[in-house]
Amino acid sequence: MADEPDNMVLELLRQIRDDQQAMRREQQIMREEMDDMRLDLTTRIDGNTLILNFLAGLVSDHEDRITALEGSDTEPAE
């Protein structure tokens, strides 16, 4: 009977250790998933930035062409 409390304490300590190890594994998995999500988000942002830069170039080119066309139409004929 005298050994039972000691065995119970040891068993509880083992359970705590096992639970902590399981939590560490879960945290590691979550970190890896978060890293994957961050990489995916970065890739998407980079892609959107590329598209927006491309569109800005097209708009700028169109504005220059429209300005040139409007300028040639409004010049008085001599």
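The values are calculated or read from the model by the stated rules, or taken from the named source; none is laboratory data. Note that the coordinates shown come from a computational prediction; the quantities given were computed from them, not determined experimentally. A quick note on method: Cβ atoms are made from the backbone with ideal geometry, for glycine too, and the neighbour counts reach across all protein chains shown. Quick note on the areas: whole protein, heavy atoms, side chains included, nothing else; ligands and nucleic acids left out. Shrake-Rupley method; radii C 1.70, N 1.55, O 1.52, S 1.80 Å.
Its residues counted as N, region 1-64 yields a C-alpha radius of gyration over 2.2 N^0.38 Å of 2.58. On the chain, 59 percent of the accessible area sits on carbon and sulfur atoms, based on a 1.4 Å probe.
Would you mind checking the tilt of helix 3-74 against the longest principal axis of the Cα atoms of the chain, expressed as 0 to 90 degrees and rounded to 10? The angle comes out near 0 degrees.
The stretch between Val9 and Thr42, if pulled fully straight at 0.36 nm per residue, gains 7.0 nm over its current Cα-Cα span. Take the chain with all the other protein chains still there, run a 1.4 Å probe, and you get 97 Å² of accessible area per residue. Segment Ser60..Asp18, full-extension length gain: 8.9 nm, with 0.36 nm per residue of separation and the alpha-carbon distance subtracted.
Only helical runs count toward this figure. For the chain, summing -39,500 (n - 2.57) over DSSP H runs of n ≥ 4 and dividing by all residues gives -35000 deg cm²/dmol at 222 nm. Each other residue within a Cβ distance under 13 Å of Thr42 adds +1 if Lys or Arg and -1 if Asp or Glu, for a net charge of -2. Measuring only protein heavy atoms, the 1.4 Å probe finds Arg31 accessible over about 130 Å².
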